[in-house]
Amino acid sequence: MVPGSDGPISTWEEALHFCETYGYPAILKAAYGGGGRGMRIVTNKEVCSRCSRLLIEIEVPQCLLVYQMS
């Protein structure tokens, strides 16, 4: 089973906490629809911060899930 957030996240700190708990790489994606647009691969803390802020503040506020990739 692939770990994921328990539900939508609303801050980049939540995304960072998930990534630091489960490891990199991870995927940030819209929780509700979007057809794959806006999916971001996160490979480290700096990328997590940049991608999650972009998605939360600009594209899909309050609607993200994070999945750890193996």
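Where a number appears in this text, it was derived from the coordinates with a stated rule and is not lab data. This is a predicted model, so every value here is computed, not measured.
Quote to one decimal, in nm, the extra length available between Thr21 and Lys45 on full extension: 0.36 nm per residue of separation minus the C-alpha distance between them. Walk me through the numbers on the way to the answer.
Numbers: separation 24, 0.36 × 24 = 8.64 nm, distance 1.18 nm.
Full-extension gain reported as 7.5 nm.
In this structure, the amide hydrogen of Val42, modeled 1.01 Å from its nitrogen in the peptide plane, lies closer than 5 angstrom to those of Ala26, Ile27, Leu28, counting only residues at least 5 positions away or on a different chain. Relative to the current alpha-carbon distance between Tyr32 and Arg53, full extension at 0.36 nm per residue lengthens the span by 5.8 nm.
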